[in-house]
Structure formats: C-alpha cells, structure tokens
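A short worksheet on the structure shown next.
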Amino acid sequence: MRMRVLQPCSTQQTGFALKRIQRGFTIVELIAVITIIGLLAAVAGPKFIGNATFETRGAQGTLLAALRYAQKTAVAQRRVVYLNLNTATRAICLGYNSSCSSAVIDPATQAAYSKTLPASVTLGTTQATLGFDGLGRPVPNANATYSVQNAMDLSESPRTIVVEAETGYVR
C-alpha cells in the first residue's frame, strides 16, 4: 500500500512576492453555476416536457385506482360494485348499481366516489360499465380493456389497463 504525502499548494516566485497557483473553483463560482443551471431548468424544462404526458399518466393512475377500489369494496362488502366510465365527459363513478345512483363513498372525501379525468386525455374502453362481484370477479365475466391516450400528442402510445375475466386481476 502506497502512502501519499500531502504537500501544500505549489508556489512560484515572481519578483519579490510569492504567488500561489490555484487549482479548482471557488465555492462562490460553484454556487453561481448551480443557480444558473437551476433557473434554466425551472424555466425551460417544462417547455420541453409539457403537462399532457404527466396528466395522461395521472389519468391512468386514477382509473387504475378506481378499478381496484371498486374490486376491493365489492370483496369487503360481499356485493356487486360497478365502475361507470363516461368516455365523452371523462367521468368515473362507483356505485352499487350500474347507473351509480347508489354511490360508493370515497374514503378521501367522504362523499360519492366520482372523479373527472383531465381534458388532455381521450379514453377508450370495451366495457363502459363494469362490475365486480363479492369474490372480485368482473361482471359481466369477460376481459375489459381501458385505454388512456394523450390527446395533445397522438404519437405517444396509449396506456392500457386490462381487467382479466374469471379472476378480475387489474393490470
């Protein structure tokens, strides 16, 4: 194992005074550069990324959470719980009947479970109204597919959620 001996900064004699040779940056220079980069990232970053992608991911998460909550509520209460998705208005509601007139309570708000997805997404589905029975199986017993598409950037691939027949597995 080699040991290194630390030596002070090298010095150079210029005339009558000794001058230190500096290496690296001062803390003030580093803070200034980090501040400038931070400002550029805060101002220019959102222009490159945009909100629509984040809203699409959020809409997928909201729909996925609603499906799973409907299924868990159906199992917990041993009764059929329906998810009703209106693709035109992008509204989701959970209820004990297919029209959501007898609504499931949202634990976050203690009101009827109802969510509206952002206007920057378009929705597609094979089952606009899907129920889960007391065992968590889908009613009707068939695969259901939901797609969430970024309406601002159609080149972005749609995000898909599938509810499996027989098991009700939501993925």
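Annotations
- Annotation: amide H of Val139 within the under-5 Å range of Gly131, Phe132, Asp133, sequence separation 5 or more or interchain, hydrogens built in the peptide plane.
- Here is the list for region 54-96: trypsin sites (Lys or Arg not before Pro) lying in DSSP coil, each with at most 10 other C-beta atoms within 10 angstrom of its C-beta, are Arg78.
- 222 nm mean residue ellipticity, helices alone, for the chain (DSSP H n ≥ 4; -39,500 (n - 2.57); rounded to 500): -10000 deg cm²/dmol
- Solvent-accessible area of the chain (1.4 angstrom probe, protein heavy atoms only): carbon and sulfur portion equals 59 percent.
- Here Lys115 and Glu29 are evaluated by their C-beta separation; at R0 = 45 Å the FRET efficiency comes out at 0.35.
- Dipole size of the chain about its Cα centre, with +1 on Lys/Arg Cβ and -1 on Asp/Glu Cβ: approximately 840 debye, rounded to the nearest 20.
- Across region 85-101, coupling constants 3J(HN,Hα) worked out from phi with the 6.51/-1.76/1.60 Karplus curve, θ = phi - 60°, read 10, 9, 6, 6, 9, 6, 9, 10, 9, 10, x, 8, 9, 5, 8, 6, 6 Hz, and Gly and Pro carry x.
- Identified option (computed mean projected area of the Cα convex hull in nm²; candidates (1) 12.6; (2) 20.6; (3) 13.2): (2)
- Angle in degrees between helix 27-49 and the longest Cα principal axis of the chain, rounded to the nearest 10: 30
- Note on region 70-141: dipole from Cβ charges, positive end direction compared against Leu130, Thr73, Ala108; the farthest Cα belongs to Thr73.
- For the chain, the longest principal axis of the Cα atoms and the long axis of helix 52-77 meet at an angle of about 50 degrees.
- Accessible area per residue for region 34-171 is 54 Å², calculated with a 1.4 Å probe on protein heavy atoms, without ligands, DNA or RNA.
- Rg and Dmax over the alpha-carbon atoms of region 80-171 stand at 13.7, 40 Å.
- Estimated dipole of region 49-111 in Debye, rounded to 20 [Cβ of Lys and Arg +1, of Asp and Glu -1, Cα centre]: 220
- Phi-based couplings in Hz for region 140-148 (Karplus 6.51, -1.76, 1.60; Gly and Pro marked x): x, 6, 8, 5, 10, 10, 10, 10, 10
- The chymotrypsin sites (Phe, Trp or Tyr not before Pro) found in region 117-171 that occupy coil by DSSP, while having at most 13 further C-beta atoms within 10 Å, are Tyr169.
The values are calculated or read from the model by the stated rules, or taken from the named source; none is laboratory data. Since the structure is predicted, the reported quantities are computational estimates derived from the model, not experimental observations. No Cβ is skipped: glycine too gets one built from the backbone with ideal geometry, and neighbour counts run over all protein chains shown. Heavy atoms of the whole protein, side chains included, go into the accessibility calculation; ligands, DNA and RNA do not. Shrake-Rupley method; radii C 1.70, N 1.55, O 1.52, S 1.80 Å.
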